[in-house]
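This report refers to the structure that appears directly beneath it.
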Amino acid sequence: MQAFAIATAGIAAATERFAASAARTARDPLADLAGETVERMTAGTAFKANVAVLKTADDMYASLLDILA
């Protein structure tokens, strides 16, 4: 069950990072456009990685339940 909590926290953190970067870009579009673009891409990759962890953990628990049933 710990994998679910860790992945959920990672998804929340990535979402917050993306939103913060988008807000900074909206406030001052030309301040650090390249840096903020990289930040949003990194947050997107982190989000996808954490979703993959959730899917893998779900598959593992499903397999465990199949074995125990």
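The values are calculated or read from the model by the stated rules, or taken from the named source; none is laboratory data. Just so it is clear, the model here is predicted, and its values are computed rather than measured. As a convention, Cβ positions derive from the backbone with ideal geometry for all residues, glycine included, and neighbour counts pool all protein chains shown. Quick note on the areas: whole protein, heavy atoms, side chains included, nothing else; ligands and nucleic acids left out. Shrake-Rupley method; radii C 1.70, N 1.55, O 1.52, S 1.80 Å.
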Quick one: count up the residues across segment 1-14 that are open to solvent by 70 Å² or more (accessible area, probe 1.4 Å), assigned to a helix (DSSP H, G or I) and either of a type outside the set (A, V, I, L, M) or free of Cβ contacts under 8 Å to residues at least 40 places away in the same chain (or both).
2
Looking at the structure I just gave you, is ILE67 β-branched (Val, Ile, Thr), open to solvent by 80 Å² or more (accessible area, probe 1.4 Å) and without any contact (Cβ under 8 Å) to a residue 12 or more places away in the chain?
yes
Checking THR45 against (1) of a type in the set (S, T, N, Q); (2) modelled with pLDDT under 95; (3) surrounded by fewer than 13 Cβ atoms within 10 Å (Cβ to Cβ), which single condition isn't satisfied?
(2)
Kindly indicate whether GLU39 is part of a helix (DSSP H, G or I), charged (D, E, K, R) and surrounded by 12 or more Cβ atoms within 10 Å (Cβ to Cβ).
yes
When segment 23-34 is examined, which residues are found to be part of a helix (DSSP H, G or I), surrounded by 12 or more Cβ atoms within 10 Å (Cβ to Cβ) and out of contact with any helix residue (DSSP H, G or I) (no Cβ under 7 Å at 6 or more places or on another chain)?
none
